[in-house]
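Scroll down for the structure; my scribbles are underneath it.
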Amino acid sequence: MNDLPGILVVLSGPSGVGKTTVAERLIEKGGYVRSISVTTRECRPKEDGRMEVDGVDYHFISMEEFERLRDGDELVEYARVHGEWYGTPKQPLREALRAHEAYLLVIDVHGGGQIRGHGLNSLMVFLAPPDLNELRRRLEGRKTESEEQQTMRLQRVDMEMKKASEIYNHIVVNKDLGTCVEEVHALVLEARRKLKEKQDAGETLYPGLGLNS
Ligand code: 5GP
């Protein structure tokens, strides 16, 4: 895969649709690296009960630190989700693209909109649930969040489904995990081949990211 250019892959979808699991499966295939976001939210237990790890799941930072990164133009996108701030650091993204990796951004739809707006030749994939009611039931059953947090997540689902068709190139239904992962992987491969053609034709793939600096 490494003779193909690096690519920015945005993976979004409603809470509980399985974005993290899909990202993990792609990483197991090799050639994929996941962006570690910064966030102002507190570290919490994951669905398997283990605690999140700073620097692995997220970089857990203060609001002051977040503002410093944002105002210093060190985040390629950022958004407030469920009352907390999240953002994607630029530097690791530059390094991954230079190293011809597929760089996975598991981010919300507002962040996805910003990436799209940057015109970065990114692949935008929205993961949709096969059944919205089933998703709601799953979210309600989550033990890791307060009732208030669960309500916020449920209210967001409708807005996200609407944004999906406006911003994303592809909507992939996560009915069967294995099939979903293969579908996303095939889209990534196809997008990278197209990028290679553009690159061979002399196009700058990631203008504004300072990849040559
Ligand atoms: P959680 O708190 O459940 O880990 O994530 C909440 C939401 O924030 C998810 O939809 C997740 O994809 C999104 N998110 C995580 N990191 C980022 C980021 O760096 N930027 C944006 N825009 N959203 C993010």
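So, in segment 77-116, exactly how many residues are of a type in the set (A, V, I, L, M) and loosely packed, with under 15 Cβ neighbours inside 10 Å? Final tally of qualifying residues: 1. In segment 184-194, is there at least one residue being modelled with pLDDT of 90 or more, under 17 Å from the mean Cα position of the chain (by Cα) and of a type in the set (Val, Ile, Thr)? Yes, the conditions are met somewhere in segment 184-194. If you go through segment 1-22 and keep only what is hydrophobic (A, V, I, L, M, F, W, C), buried (at least 22 other Cβ atoms within 10 Å of the Cβ) and more than 20 Å from GLU84 (Cβ to Cβ), you end up with ILE7, LEU8, VAL9, VAL22. Remark: pairs (first residue in segment 27-45, farther than 14 Å from ILE7 by Cβ; second residue within 8 Å of the ligand (Cβ to nearest atom) and of a type in the set (Gly, Ala, Ser); Cβ separation under 8 Å; 6+ apart in sequence or on different chains) = SER37/GLY87; VAL38/GLY87; THR39/GLY87. The set of residues in segment 59-101 that are among the β-branched types (Val, Ile, Thr) and modelled with pLDDT under 95 contains only VAL81. Applying the condition of being without any contact (Cβ under 8 Å) to a residue 40 or more places away in the chain and under 25 Å from ASP3 (Cβ atoms) to segment 77-101 and asking which residue is farthest from the ligand (Cβ to nearest atom) yields GLU95. For ASP200, the conditions (1) without any contact (Cβ under 8 Å) to a residue 24 or more places away in the chain; (2) under 20 Å from the mean Cα position of the chain (by Cα) are fulfilled apart from (2). Taking the criterion of being part of a loop (DSSP other than H, G, I, E, B), surrounded by fewer than 17 Cβ atoms within 10 Å (Cβ to Cβ), away from the ligand (no atom under 13 Å from the Cβ) and within 17 Å of the chain's Cα centre (by Cα), the only residue of segment 27-76 that qualifies is GLY55. If you go through segment 164-213 and pick out every residue that is in contact with a Phe, Trp or Tyr (Cβ under 8 Å, 6 or more places away or on another chain) and more than 18 Å from LEU120 (Cβ to Cβ), you end up with 3. For beta carbons closer than 8 Å, sequence separation of 6+ or different chains, a first residue in segment 130-144 that is closer than 12 Å to LEU154 by Cβ and a second that is among the β-branched types (Val, Ile, Thr), the qualifying pairs are LEU132/VAL157; LEU135/VAL17; LEU135/VAL157; ARG136/VAL157. The set of residues in segment 169-213 being surrounded by 13 or more Cβ atoms within 10 Å (Cβ to Cβ) and of a type in the set (Ser, Thr, Tyr) consists of TYR206 alone. Here LEU120 clears all of (1) modelled with pLDDT of 95 or more; (2) away from the ligand (no atom under 13 Å from the Cβ); (3) under 20 Å from VAL188 (Cα atoms) except the condition numbered (1).
The values are calculated or read from the model by the stated rules, or taken from the named source; none is laboratory data. Remember, it's a predicted structure, so these values are computed and weren't measured experimentally. As a convention, Cβ positions derive from the backbone with ideal geometry for all residues, glycine included, and neighbour counts pool all protein chains shown.
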